[in-house]
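Asks: Let me give you the structure first, and then I'll get to my questions.
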């Protein structure tokens, strides 16, 4: 059997940036978006990596994504800011936000930025290392005021997106990279399984009548079903509460969200950095996180589990392996990239020859 193809990291990043630039995106923005999407694949979040490249290009073609310019500063109180994102590329806006907040967090101890009318921001985990490498704690949350696929606990009509929230937490060995959502499943994975004619392994969805289902096709039925909040039928109040928190941090603080007229696929973003030196100190912070990491990693595993991992352990190991050996893309992604390459006249990178 032929080995599954892999691709060089630098070649994929250059290819994605060249595609976005060929579609009209400013070169610096194209590079930021390409790096962020590729990081999603490197960390194993392959529904929110280069799988998004074709949808992003479609948004550009439809003139639904801005290709140049700057965010508008709507409020600035030093430790807190609000940007009007002007539908600029989400990865570029978030990376600019991290750069802007870092010196402010050093000065004030913490600093927060909320962005309204950003375009989609891709994989939240891809941003966390940029904060933890600076010794910062980072919180990042996102909602899309236009999309609704998750019903409140006890309901049958969608109100929320999966409303992801992520945290980057420094530690001496490897940082904790927490990337979760307020729903059991994501829209991206639901769409992938539906396209493949497959179902989830357990009941994580509701049909329009509120009956449990594992078939993602219920989400596109008429009337549509919904994704269950995190916790499912028995404890979905927890995911419901998390969704409400994300809505408050994003749409609430932005003053823009579901109460406003829809204006296209995008995101409202909450980003906050915390400098441990402004609190108990970085050394004391690491003493606490290192103890927690040791207690968790040495925890006796239950049957069927090899070892207890910290959030991010698997993703960081996969990132190191793929940087060294090449990126293994989900089988649905290379054909999509090839189609984009042909459309924009950008050469598709060659796969790395695999031995054995």
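Each value in this text was obtained by applying a stated rule to the coordinates, not by laboratory testing. Keep in mind that this is a model prediction, so the values were computed, not measured. No Cβ is skipped: glycine too gets one built from the backbone with ideal geometry, and neighbour counts run over all protein chains shown.
Asks: Remind me, relative contact order of the stretch 1-64 in percent, using alpha carbon pairs under 8 angstrom and six or more residues apart?
Replies: 27
Asks: To one decimal place, what orientation-averaged projected area in nm² is obtained for the convex hull of the Cα set of the stretch 187-310?
Replies: Its Cα hull, projected and averaged over all orientations, spans 12.2 nm².
Asks: For the stretch 64-177, what is the percent of antiparallel DSSP beta bridges, rounded to the nearest 5? Can you show the working numbers first?
Replies: On the way: 11 of 16 bridges.
The antiparallel proportion sits near 70 percent.
Asks: For a quick check, take a GNM of the chain with Cα springs below 10 Å and name the residue from 332, 289, 102 with the largest mean-square fluctuation.
Replies: 332
Asks: Still on this model: Using alpha-carbon positions, what is the distance between the centroids of the stretch 216-250 and the stretch 143-182, in Å?
Replies: Distance between centres, Cα-based: 10 Å.
Asks: How long is the gain from residue 339 to residue 309 if the chain were fully straight, where each residue apart is worth 0.36 nm and the alpha carbon distance is subtracted?
Replies: Value of the extension gain: 7.0 nm.
Asks: Please figure out what share of the DSSP beta bridges in the stretch 1-148 is antiparallel and state it in percent, rounded to the nearest 5. Each step should come with its number before you reach the end.
Replies: On the way: 4 of 9 bridges.
Antiparallel: roughly 45 percent of the beta bridges in the stretch 1-148.
Asks: Still on this structure, please answer the following. Return 58, 185 ranked ascending by Cβ neighbour count within 10 Å, so the fewest neighbours appear first.
Replies: The order, fewest Cβ neighbours first, is 58, 185.
Asks: Now a separate question. Among DSSP bridges having both ends in the chain, what percentage is antiparallel? Round to the nearest 5.
Replies: For the chain, the DSSP antiparallel bridge percentage is about 85.
Asks: Taking only Cα atoms and a 10 Å spring cutoff, compute GNM fluctuations for the chain and point out the largest among 221, 341, 22.
Replies: It is 221.
Asks: So if R0 is 45 Å, what FRET efficiency would residue 209 and residue 64 give, r being the distance between their Cβ atoms, rounded to the nearest 0.05? Present the calculation step by step, with values, prior to reporting the outcome.
Replies: On the way: r = 34 Å, r/R0 = 0.75.
Calculated transfer efficiency: 0.85.
Asks: Ignoring everything except DSSP H segments at least 4 long, calculate the 222 nm mean residue ellipticity for the chain; use -39,500 (n - 2.57) per segment, divide by total residues, nearest 500.
Replies: -12000 deg cm²/dmol
Asks: Could you let me know the centre-to-centre spacing of the stretch 72-122 and the stretch 286-325, using Cα atoms, in angstrom?
Replies: About 31 Å separates the Cα centre of the stretch 72-122 from the one of the stretch 286-325.
Asks: Something else now. Among 59-71, 88-100, how do they line up by average Cβ neighbours within 10 Å per residue, starting with the highest? Please list the in-between numbers first.
Replies: Details: 59-71: 16.0, 88-100: 22.9.
Order by mean packing, descending: 88-100, 59-71.
Asks: Please compute the contact order of the stretch 66-171 in relative form: average sequence separation of alpha-carbon pairs under 8 Å and at least six residues apart, divided by the residue count, as a percent.
Replies: Reported relative contact order: 21 percent.
Asks: If you take the Cα Rg of the stretch 40-128 and divide it by 2.2 N^0.38 Å, with N the number of residues, what do you get?
Replies: Against the empirical 2.2 N^0.38 Å value, I get 1.18 for the stretch 40-128.
Asks: Counting pairs of alpha carbon atoms under 8 Å apart in space and at least six apart in sequence, what relative contact order in percent does the chain give?
Replies: 23
Asks: Between residue 198 and residue 259, what is the label-to-label distance in nm when each label sits 7 Å out along the Cα-to-Cβ direction?
Replies: 4.2
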